[in-house]
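Some notes on the structure that comes next.
The values are calculated or read from the model by the stated rules, or taken from the named source; none is laboratory data. In this text, all values refer to a predicted model and were calculated from it rather than measured experimentally. Cβ coordinates were reconstructed from backbone atoms using ideal geometry, including for glycine residues, and neighbour counts include every protein chain displayed. For the accessible areas, the whole protein counts, side chains as well, though only heavy atoms, and no ligand, DNA or RNA atoms are used. Shrake-Rupley method; radii C 1.70, N 1.55, O 1.52, S 1.80 Å.
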Amino acid sequence: MDIVYSTNPDFHFDDEPEEPVTLPPAQQKLHLRIERSGRGGKTVTVVENFVGTADDLADLCKMLKTKCGVGGSAKEGLIILQGDFRERAAAILTAAGYKVSGNVRR
């Protein structure tokens, strides 16, 4: 519900939504998938279902990019890695304590 007007002089409107608290790796179940459509014929690996702050998502993305030796980005709650790195990303995330689902095998 959007607030349009309040007659309460002590009312303070909080415009920024709260950022979710980052869950420990053992409590997260990340899903891996590949995408080919809408990307100019390029294949990307998508990691989704991360619950946490944008900074923690960026840190996880940086770790995956470094260990896979590939480019990528973290945006809108997704980690996008350039290329098909499902197996390697699954091994890295499992070693870090995350639960991984999805079609990991080629």
(request) Within the stretch 74-83, track down each residue that is open to solvent by 40 Å² or more (accessible area, probe 1.4 Å) and farther than 16 Å from Gly52 by Cα. (result) Gln82
(request) Just name the residue that is modelled with the highest pLDDT out of those in the stretch 35-44 that are of a type outside the set (Ser, Thr, Tyr) and surrounded by 10 or more Cβ atoms within 10 Å (Cβ to Cβ). (result) Val44
(request) Give the number of residues within the stretch 14-26 that are exposed (fewer than 11 other Cβ atoms within 10 Å of the Cβ) and under 15 Å from the mean Cα position of the chain (by Cα). (result) 2
(request) Count, please, the residues in the stretch 1-34 that happen to be modelled with pLDDT of 80 or more and not β-branched (Val, Ile, Thr). (result) 14
